[in-house]
Amino acid sequence: MLRLGLRPQPRSVCRALAVLLFAAGSLSFAAESRLADAAEKSEHATIRTLLKQHADVNAPQADGMTALHWAAYRDDLETARLLMKAGANVKAENRYGVMALSMACVNGNSELVELLLGAGADPNTALRGGETVLMTASRTGRIGPIKALLARGADANAKEKDHQTALMWAAAEGHTEVVELLLKAGADFRTPLPDSGFTPFFFAAREGRIDVAKALLKAGVDVNDTMQPRKPTGKGPRKGTSALILAVENGHFELALALLEAGADPNDQRSGFTALHALSWVRKPNRGDGDDGDPSPIGSGNLSSLQFVKELVKHGA
C-alpha cells in the first residue's frame, strides 16, 4: 500500500478486525451451545451423543438458556435426568434471571420439581420481580410441586414486589386444594395488600371463587371484614367494601348468597351503600361509553339477580 502511495486506514482495519472477531466469537458460541440447541428441540439422540463427547453441559445460548432450562421448559424429564447426571447447574440463570425450577413449576411436573430440588435447587427461588416458585406453582394449581416445595422449606408467606403472596395467587385462581394446603403450612390470610386493601378472601370474592371463600371462612376469616385501601382509585373498591358488596358488584350471586348464609350483614353500608344498592347498579342498562356505560359483569353461578334479591330480602335487607 505504501509503495502505491496509499496510506493505511486505521478505522477500516479496526472495523474489519471487529467483524472477524465477532464472526469467530459467534461460531464459537454456536459450537458451545450445541447441547442447549438440541435440548430446545428435544433431540434426545443428539443430546446423548453430545454428552458422550463431553460437551459442556452448562454452555448457554446467547440469551443464557442452558440445556437444563430447555428441559424444564419442555417438561422433558428424561433429558433433565441425563443433564443433571452430567453435572448440570440447577441454579443457572438465563438473561432474565429465570432458573430451571421456575420453568418446571409453570408446567407443574412434580417429578421434575423434586428432581431439581434434590439436586440443590433453592425452594425459595424467585424471579427478579419477587415471584417465588411457590407462587408460580400456586398460580398454576398443581398440588404436587407445592407439596415438594413446602417439604423443602419454601416460605409460604414470601411476598413479591407488589406484596402479593402465594395464597393470594391461589385464592384468585380458585385453587381450593392449594389454598387449604398453604393454610396448613401457616400462610397468612389476614394481612392485606398495603395499597388496595385486598386479602386472599377479597380476591376470592372478586373472582367468584365460592369454595375458596368457604375454606378461608373455615380458617377464621371474618365474613363482615371490610377493605381499607390506602390508595383507593376510581375503579377500585371503596374504603369499607365488604366481600358481600364485592361479590355482588362482580355478579357472583351464588357466592354472595353463601356469604349471607355465613352471616354477612345484608344492610352493611360502610362503603357508602348496601348490597341492594350495589345490585341495582350492576343491573342498570348500559348507557354508551364512559363510566355510566360499563356493561354488566359476566359473573358466575346460576343464581339470577332476581333470585338473589329475594334472598337478600329473606335475610333481612
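The values are calculated or read from the model by the stated rules, or taken from the named source; none is laboratory data. Keep in mind it's a predicted model, so treat the numbers as computed, not measured. Virtual Cβ from ideal backbone geometry, glycine too; neighbours counted across all protein chains shown.
Structure notes:
- Qualifying residues in the range 94-151 (those that are under 13 Å from the mean Cα position of the chain (by Cα), of a type in the set (Gly, Ala, Ser) and under 18 Å from Gly186 (Cβ atoms)) - the one surrounded by the fewest Cβ atoms within 10 Å (Cβ to Cβ): Ser138
- Meets criteria (farther than 21 Å from Ser138 by Cβ and not assigned by TED's automatic domain parsing to the domain that holds Gly129) for Ala88: no
- Remark: pairs (first residue in the range 261-284, over 18 Å from Gly251 (Cβ atoms); second residue surrounded by 14 or more Cβ atoms within 10 Å (Cβ to Cβ); Cβ separation under 6 Å; 6+ apart in sequence or on different chains) = Ala262/Leu217; Ala262/Val223; Gly263/Val223; Asp265/Asn224; Asn267/Thr274; Asp268/Ser242; Arg270/Thr226; Arg270/Gly240.
- Selection of the range 105-153 for residues being part of a helix (DSSP H, G or I), closer than 19 Å to Trp70 by Cα and among the small types (Gly, Ala, Ser) yields Ser110, Gly118, Ala137.
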